[in-house]
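S.K.: Can you keep this structure in mind? I'll have questions shortly.
The values are calculated or read from the model by the stated rules, or taken from the named source; none is laboratory data. Predicted model only: the values in this text are computed from it and were never measured. All Cβ positions, glycine included, derive from the backbone under ideal geometry; neighbour counts span all protein chains shown. To get the accessible areas, we keep the full protein, side chains included, count just its heavy atoms, and leave off ligands, DNA and RNA. Shrake-Rupley method; radii C 1.70, N 1.55, O 1.52, S 1.80 Å.
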Amino acid sequence: MIQQISQLLPELWQIAVVLVLFLETIGKPANDAAKPKWLPLAAAAGIFVAVFSLKADGLLFFKAYQVDSLSQFFKLAVLVGFFIVVLNADPLPTVESEKRSDYFLFLALSALGLMFLASTVELIAVYMALEISSYSLYALIPLRGKDQRAAEAGIKYVLFGAAATAVSLYGLSYILATQHSTYLEVLAAADWTWTHSPLAVIGLTLFLAGFFYKLALFPFHFWCPDVYDGTGNETAAYVATLPKLGAVVIMIRLVAMLKPENGIITIIAVLGACSMTFGNLSALIQKDLKRMLGFSSVSHAGYIMVGLSAVSAKGLAAAGYYSLVYVLMNLACFWVICRLATDGRNITLDDLNGLYKRAPGLAFIMAVGAFALVGLPPTAGFMGKFFLLTSAWNRGHDWLVIIACLNTAISIYYYLNIVRHAYTAEAEEPLPAPKPGSALWGGVLATLLLILGAFPGPVFHYAEVAGKLLIP
Amino acid sequence: MMESSWPILTILIFFPLLACLALVFVKTDHGARVLTLAAGIIELLLAMPLLHFDLASGGYQFVEKKDWMPDWGLSYYLGIDGISFLMVLLTVALLPLCVLCSWTYISKRVKEFHISLLLMVAACVGVFSALDFILFYIFWEAMLVPMFLLIAVWGGPDRRYASLKFFLYTLAGSTLLLVAIIALYWTGHTFSIPELAQKNYSFNFQIWVFLAMAIAFAIKVPMFPFHTWLPAAHVEAPTAGSVLLASVLLKMGAYGFLRLCLPLTPQASVYFAPMMIFISICSILYGGFVALGQKDMKKLIAYSSVAHMGFVTMGIFLFSLRGIEGALMVMLNHGITTGGLFMLVGAIYERSHSREISENLGLGKYLPAYMFFFGLFALSSLGFPGTNSFVGEALVLIGVFAKNGWVGAAIIPGVMLGAAYMLRLTQKLAWGEPPSAKGKSWKDLNFREWAYFTPLAVFVFYIGLAPGLTLRAIDPTLKELLHTFSAKTARKAVTMVMEPEKGLAGQNFETKLQPAVDERIGESR
């Protein structure tokens, strides 16, 4: 019993956070406090708990819940992201003060769902965890004052989400019917070839669709730019980052069951190629930064598929590493957006004009974030991309590597545009300067991106250990 | 290979970064200039131990090797040989000169300017000394950002277009380079360039790798028809940007051909040599003709760079000792001469606020010292005997004529064009009918300007009159390079005989080429 509790420490900590937040919501409405003061501290403590339990290992709850390197890696990533998101959601200008406790409750609950997702190794449990994280988001997204676009975004997210989940469940029924199990352990030993069990292959593809939706992979991406655009900046920062981690970890577990020459891998590779090309081309003409980042995340979902399509320990580790880096670089960009939008409006490229003068720190963070998203050295974005591409070469999808590289060339234009506006353009009318000290945590993110670019070794090594558990 | 105890290359790369950090805390513009100048001079002094370079050895020297990511076989692997030695020295030497020539030219965001300059130099030294392929690529790409900022922030009126074009062009070119690196890794199972160079690859594989690498390098050189970013970037960039662009960045393309294409894909290099030579001829003639018609001094020099770099690629793809020697000499000399010319244009722009030739006529009367330097660098640029560029161009021409008289005949007009556009420019500047001198301050060179033109002028004469030492530094490396190169291609010639249907063009060229290479190597031993 004690041992089981020690294996579940990060989840238990997050549950405690959720419970305290819940008590706050039913208590007296917070008067004017931007957020519970203790929350950042609790989130920071969560990171320590996760680091502490990195080495935890075990199989719990009727073998449905696996605590291993992979799950602990992603739980740590989720908690780091949650910490930054909580810091970022200050002062939360578009959420009325009496709703703020609820806002953070849903945020924490969604992160909790993602942490469960990292460990689930049974399809029904996967589905439950996915829904825990999604339902909270359904409530979060429309929370943006009385903004109609937010309502539209909320409806889009719910409808798309419900449809994708339905497809996923439908696929699950096929898998259960043909392979007679929902345990990944059993499924991994099963035959997934088209000739042997075509229905199972269809079922797994459909099941994956639910995660393609979370990841905003082409052609399940249509919600992504609209939701980013419509919902509040702080919420978008969350939606853009953490849920992708949950999707990636499940895809890593599912892909590891397949042989590299399996048809599903080809589907993943093709969708990845479409996703990055479509995302990058659409992002070229965006003026609204959040929309641009929305399309950029569509293309990054495609890059992550490059690693998955390798179906090797290194490939899976590369996908894991890249999704962590992706969270960091997106949070860096959103950090700047949230600091600039003091009234919670959407930020366009022109709002960045002359940023180097108003807030040199924020301009630097933006530049590091943008260059990391391109994949320019010496940022972690380059290293991540390098791992992805190298692991995928000679695994039957060389064309995907070439397309990914060419996409870098396409994407440079719009990311460079961000830097150009921040560094070379002058503001026509003087824009208000953000608060001093606002760059602090964004600066930490930028530094992390540079450090992970120069010394990716330890983190990647841990990811690789996790990958080797799945594919020895 | 010589290991060194004192990590001199690391210091040369990271000292400018430290200086950047120090710059962040400097408050005044003047302080930033003085600090960067001091950093530049210290960097130059730090580079002095490089002069212990062993002239007799053709291998890598000052080697540093540390594990970086053993999981992927990445290492922090630095070292220089005869090819990169001169380039590193050139890069380091240009830093203080660049600071001096921007002393009054740059008046806004001075601190950021010097930070960009220092980042640039760090990345450039990194490119020339990296022996791990990924490390090379990292420096290669990292250099784009400071250069982009130099053009985009401190550039001329059309800087937005020029900087974007520069960035997009060069980045697009190098994306496929990354694919080539990855493919080489999976074939050769290492990222170490020296180890990769020792292995043999199948002909088909070489063709693709060569193409992927050659596009990146051809854009950087730039070779016709990938040159269009260069005039735009040169014209808009501030003086120091132009100098670094011309003197260091363009050399990276040629360096890539020498360091990577020839050793890694020798047979493909031979196969594509006729095409590369043809493009080089095009570059030489096209650059020359277009330079002839320019009204803007910077544009003229930019197009002359295209022509000069044509000589470089020509020399490289002759695969003979004289040709490659010549190519390296042209690289070095173009760095000195064209760097000097761009600085001169910057100096005159500060006086007349125009780079139009017609606005700067008849300077001989007012600025005799200025005209002296201009005449000197112009003569050097057209390859006048006794100046540095003559040595390089002559060596390339010797190499060309030894190989094929017709090719030589084709580039002779290019040499004459060089004389035509440079002499035309010099003549107008020195003796043209000056327009009204209103609004212009015709003051001759001041002490600061003397300080940065004189060292360049000294090198123009030194290399021009006594090229021996420079050649001795590069010869052992080149001989070794050509030796392995001919050994690898000779094996190819045998397999070609067995499979005559594969690559006829390559075979034809090779049969002519092979004895020439051997003969030249024998001669020089």
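S.K.: Any chance you could give the angle, 0 to 90 degrees and rounded to 10, that helix B:203-220 forms with the longest Cα principal axis of chain B?
M.R.: Relative to chain B, helix B:203-220 is tipped by roughly 0 degrees.
S.K.: Under a 5 Å amide H to amide H cut-off, with H placed in plane at 1.01 Å, what residues pair with A:L59 once short-range neighbours are removed?
M.R.: For A:L59, the qualifying residues are A:V67.
S.K.: While we're looking at this one, here's another question. Counting pairs of alpha carbon atoms under 8 Å apart in space and at least six apart in sequence, what relative contact order in percent does region A:9-470 give?
M.R.: Relative contact order for region A:9-470 comes out at 15 percent.
S.K.: While we're looking at this one, here's another question. Once the cut-off is 44 Å, how many percent of the Cα-Cα pairs in the protein assembly as shown end up in the long-distance tail?
M.R.: In whole percent, the long-distance tail amounts to 38.
S.K.: Compute the distribution of all C-alpha to C-alpha distances in region A:242-354, in bins of 10 Å from 0, and list the percent of pairs in each, rounded to whole numbers.
M.R.: Per 10 Å bin, starting at zero, the Cα-Cα P(r) for region A:242-354 comes out as 14, 39, 28, 14, 5, 0 percent.
S.K.: Okay, next question. Determine the residues within region B:160-180 where the difference in accessible area between the chain on its own and the full set of protein chains amounts to at least 30 Å²; count protein heavy atoms only and use a 1.4 Å probe.
M.R.: Hits at the 30 Å² cut-off: B:R160, B:L164, B:F167, B:L168, B:L171, B:T175, B:L176, B:L178, B:V179.
S.K.: Identify, among B:T28, B:W154, B:S352, the residue whose Cα sits farthest towards the positive end of the charge dipole of chain B, taking +1 on the Cβ of Lys and Arg and -1 on the Cβ of Asp and Glu, with the dipole about the Cα centre.
M.R.: Value: B:S352.
S.K.: What FRET efficiency would be calculated for the residue pair B:I412, B:S358, taking the C-beta separation as r and a Förster radius of 22 Å, to the nearest 0.05?
M.R.: According to the calculation, E is roughly 0.10.
S.K.: Residues of region B:122-148 losing 40 Å² or more of accessible area relative to the isolated chain, 1.4 Å probe, heavy atoms only?
M.R.: B:I138, B:V145, B:F148
S.K.: Then there's this: How large is Rg/Rh for region A:93-198, to two decimals, with Cα atoms and a Kirkwood Rh?
M.R.: Here the Rg-to-Rh quotient is 1.13.
S.K.: Above 33 Å lies some portion of the pair distances; for chain A, what is it as a whole percent of all C-alpha pairs?
M.R.: Beyond 33 Å sits 31 percent of the P(r) for chain A.
S.K.: To the nearest Å, what is the center-to-center distance of region B:117-155 and region B:268-310, using C-alpha atoms only?
M.R.: Going from one Cα centre to the other spans 24 Å.
S.K.: Could you state how much accessible area is buried at the A-B interface, both sides summed, with a 1.4 Å probe, in Å² to the nearest 100?
M.R.: By this definition, chains A and B bury close to 3100 Å².
S.K.: Give the separation of the Cα centroids, region B:202-225 to region B:366-424, in Å.
M.R.: 28
S.K.: Now a separate question. Going by a 1.4 Å probe on protein heavy atoms, which residues of region B:32-78 end up with at least 30 Å² less accessible surface in the whole assembly than in their chain alone?
M.R.: B:W68, B:M69, B:D71, B:W72
S.K.: Same structure, new question: Taking amide H positions as placed 1.01 Å from N in the peptide plane, with prolines and chain starts having none, which residues 5 or more places from A:T348, or on another chain, fall under 5 Å of its amide H?
M.R.: HN-HN under 5 Å from A:T348: A:L289.
S.K.: Just subtract the alpha-carbon distance of B:T484 and B:V458 from 0.36 nm times their residue separation and send over the number in nm, one decimal.
M.R.: Once the chain is fully extended between B:T484 and B:V458, it gains 5.7 nm.
S.K.: Follow-up. Per the Debye formula with a single identical scatterer at each Cα and no solvent contribution, what log10 I(q)/I(0) holds for region B:344-460 at q = 0.10, 0.15 Å⁻¹?
M.R.: -0.38, -0.73
S.K.: Could you tell me which residue out of B:G364, B:W6, B:G310 lies farthest along the dipole of chain B toward its positive end? Charges go on the beta carbon: Lys and Arg +1, Asp and Glu -1, centred on the Cα centre.
M.R.: Positive-most Cα among the choices belongs to B:G364.
S.K.: List the pairs from A:K290/A:K435; A:K244/A:K290; A:K287/B:K27; B:K298/B:K365; A:K75/A:K435; B:K295/B:K365 whose alpha-carbon separation is above 25 Å, in the order I gave them.
M.R.: Violating the 25 Å limit, Cα to Cα: A:K287/B:K27; A:K75/A:K435.
S.K.: A follow-up question, please. Determine the shape class of region B:82-168: with a ≥ b ≥ c the square roots of the Cα gyration tensor eigenvalues, call it rounded for a/c under 1.5, and otherwise prolate if a/b is greater than b/c, oblate otherwise.
M.R.: oblate
S.K.: Which whole-number percent is the relative contact order of region B:8-524 (Cα, under 8 Å, 6+ apart)?
M.R.: Reported as a whole number, the value is 15 percent.
S.K.: Then there's this: Taking 0.36 nm per residue of separation and subtracting the Cα-Cα distance, what length does fully extending A:A454 through A:E98 add?
M.R.: 123.7 nm
S.K.: Further question: Per residue, what accessible area does the protein assembly as shown have, given a 1.4 Å probe and all protein chains present, in Å²?
M.R.: Ligands and nucleic acids excluded, the result is 34 Å² per residue.
S.K.: Using the Karplus curve 6.51 cos²θ - 1.76 cosθ + 1.60 with θ = phi - 60°, what ³J(HN,Hα) values do you get for each residue of region A:381-392, in whole Hz, with x for Gly and Pro?
M.R.: Whole-Hz 3J(HN,Hα) from phi for region A:381-392: x, 5, 4, x, 5, 4, 4, 4, 5, 5, 5, 8.
S.K.: Exactly which trypsin sites (Lys or Arg not before Pro) in region B:74-124 are in a DSSP loop and have at most 15 other Cβ atoms within 10 Å?
M.R.: Those that pass, being in a loop and sparsely packed, are B:K108.
S.K.: Right, something else. Check each of the chymotrypsin sites (Phe, Trp or Tyr not before Pro) in region B:18-60 and keep only those in coil by DSSP with at most 14 other C-beta atoms within 10 angstrom; list them in order.
M.R.: Hits after loop and neighbour filter: B:F25.
S.K.: Considering only protein heavy atoms and a probe of 1.4 Å, how much of the accessible area of region B:8-524 is carbon and sulfur, as a whole percent?
M.R.: 69
S.K.: Residue by residue, what Karplus-based ³J(HN,Hα) values in Hz, rounded to whole numbers, does region A:309-322 have, using 6.51, -1.76 and 1.60 with θ = phi - 60° and x for Gly and Pro?
M.R.: With the stated coefficients, region A:309-322 comes to 5, 6, 6, 9, 4, 5, x, 5, 5, 5, 4, x, 4, 5 Hz.
S.K.: A further question follows. When the Karplus curve 6.51 cos²θ - 1.76 cosθ + 1.60 is applied with θ = phi - 60°, which whole-Hz ³J(HN,Hα) does each residue of region B:192-198 get, with x for Gly and Pro?
M.R.: So the Karplus estimates, Gly and Pro as x, are 6, 5, x, 5, 4, 6, 7 Hz.
S.K.: In addition: Nearest 10 degrees is fine. How inclined is helix A:198-215 to the longest principal axis of chain A, computing both from alpha carbons?
M.R.: Orientation of helix A:198-215: about 10 degrees from the principal axis.
S.K.: Moving on to the next point. Rounded to whole Å, give me the distance from the Cα center of region A:388-435 to that of region A:95-132.
M.R.: 31
S.K.: I would also like to ask the following. Can you give the angle from 0 to 90° between the axis of helix A:9-26 and the longest principal axis of chain A, with both taken from C-alpha atoms, to the nearest 10?
M.R.: Between the helix axis and the principal axis of chain A, the angle is about 50 degrees.
S.K.: Using only alpha carbon positions, build the gyration tensor of chain B, then give the equivalent ellipsoid semi-axes as the square roots of 5 times its eigenvalues, largest first, whole angstrom.
M.R.: 36, 27, 20
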